[in-house]
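A.B. asks: First, the structure itself, so that you have it in front of you.
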Amino acid sequence: MPPLPRQPRPRRRPLRRPKADPSPGPEATPDATDTPDLPDAAPPVVPDPPEAIAEAGLEAAAEAGPAAEAGPDVDQPAPPPAAVPRPLALATAAAVALVVALYGLTLVVGGQDDDSTAAAQTKTEKRASKPLVRTGPPVPSPLTQEPCFGAVAHDPTNPCRNPKLRLAVHPTPAQSADEPNAACVPVGQKGVLLPCEFGLPEDEAKQTFALIGDSHASHWRAAMERVAQTKGWRGVSITRSSCPFTTATALLSNPATQQCADWNHATYEWLRTHPEVSTVFVSQHSGGSVLRLKGQTPEEVQVAGYVERWSKLPPSVKRIFVIRDTPRNSRNTASCVAKAIRDRKQAAIACALPRRYAVRPDPAVSAARRMAGSRVHLIDLTRYLCSPRLCQPVIGGALVHKDSDHLTQTFAATAAPFFVARIDDVVGADGPPLW
């Protein structure tokens with residue numbers, strides 16, 4: 001019997017080493033869990049560059065457990081000092097120094113018998129010993145001192161132009177990816193609730209307000225810090241990424257859905273047990289998903305959830321300001337702006353988006369209008385971010401977004417005068433003007 005012919009061995013392909021992911025890691029992801037994916041195709045106004053955009057990596061961050069759900073840019077306490085890497089420790093020290101400077105406190109070295117000095121030291125340690133991860137000062141630049149920098153350049157009632165800012169972009173897209181949220185100091189943390197305070201110290205403030213919502217609330221803290229300093233107020237920030245302040249059930253990955261419900265209940269209880277909080281500011285991502293019954297539309301469930309939540313707030317809350325959600329960016333806006341900087345073109349013109357694309361319906365606005373005449377008041381700053389036709393990524397030299405839909409701390413701070421104006425319409429003017 002002739003031998004069987006030898007079958008050739010299949011050639012094994014060598015394993016290919018995966019390419020490095022150009023997107024930033026989880027530590028650099030600012031509230032990414034709160035950002036839904038946008039359409040891959042950008043509007044025709046913005047050119048689509050061939051290079052990959054790190055911003056897309058931010059939008060694709062996974063929601064895996066409490067830490068990922070909260071996001072490293074959400075207000076979380078710093079780890080113990082021994083576990084903090086040296087670069088983060090240096091950034092933390094800078095944040096502590098900022099808080100000390102902001103509140104005019106004195107750090108005491110060595111023992112002293114002066115009671116007032118000891119009291120100042122105690123106050124400093126209380127407010128500055130636990131800085132938050134991913135909070136701190138904005139990217140510095142002398143441009144921020146220029147007339148017409150930021151949102152004031154878009155004031156339709158008082159136009160402001162500065163030729164020096166025509167080609168300016170601050171921070172740059174690369175810088176903005178690492179820009180943290182405004183500084184905030186933890187206070188009274190318990191379970192899923194991670195409140196932090198800013199503005200004036202409690203014993204010096206005329207009143208206390210709360211800033212509540214998801215990451216689209218916390219990105220306004222830079223503006224609210226200036227509001228607090230102007231009006232002599234203390235602010236308490238209570239935020240959780242992807243978690244709107246509502247009685248509707250947010251559809252998130254497990255166990256985040258239950259954690260969000262727990263956070264909502266804990267936040268309500270916190271307000272009930274803190275009657276000193278007379279004013280509440282709320283804001284949230286307008287595109288979140290909620291649990292609904294067959295035949296219900298997402299908007300009607302969201303509107304009903306907001307109305308029910310706000311209606312049930314304790315009587316000690318005299319005013320509820322609903323901040324309309326901000327316009328969104330395109331995935332490729334960041335690279336478009338970077339290219340405009342290289343080509344010395346006006347990024348505000350070259351990379352503008354149609355308003356009909358950038359401005360989305362916000363169920364919270366519908367809820368606020370339904371409750372008009374009660375203690376609920378709407379703050380809509382869209383006209384300071386968009387013209388009737390376009391939404392520009394750079395306004396008065398300030399970069400508006402640090403990713404698809406979160407504001408840079410730099411730009412948010414410049415919107416403070418318009419918050420003050422709206423608040424004064426409701427509660428009356430006090431404190432020095434911000435203009």
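A.B. asks: Quick check on the exposure proxy: order MET371, MET224 from fewest to most C-beta atoms within 10 angstrom.
C.D. replies: The most exposed by this proxy come first: MET371, MET224.
A.B. asks: Neighbour counts of other C-beta atoms within 10 Å: give me HIS154, HIS265 arranged from fewest to most.
C.D. replies: Ranking HIS154, HIS265 by Cβ neighbours within 10 Å, fewest first, gives HIS265, HIS154.
A.B. asks: On to the next question. Would you mind ranking LEU293, LEU399 so that the residue whose beta carbon has the fewest other beta carbons within 10 Å leads the list?
C.D. replies: Result, fewest neighbours first: LEU293, LEU399.
Taken together, the values in this text are just the output of simple stated rules run on the coordinates, not laboratory data. As the structure is a computational prediction, the values presented were derived from the model and not from experiment. Cβ coordinates were reconstructed from backbone atoms using ideal geometry, including for glycine residues, and neighbour counts include every protein chain displayed.
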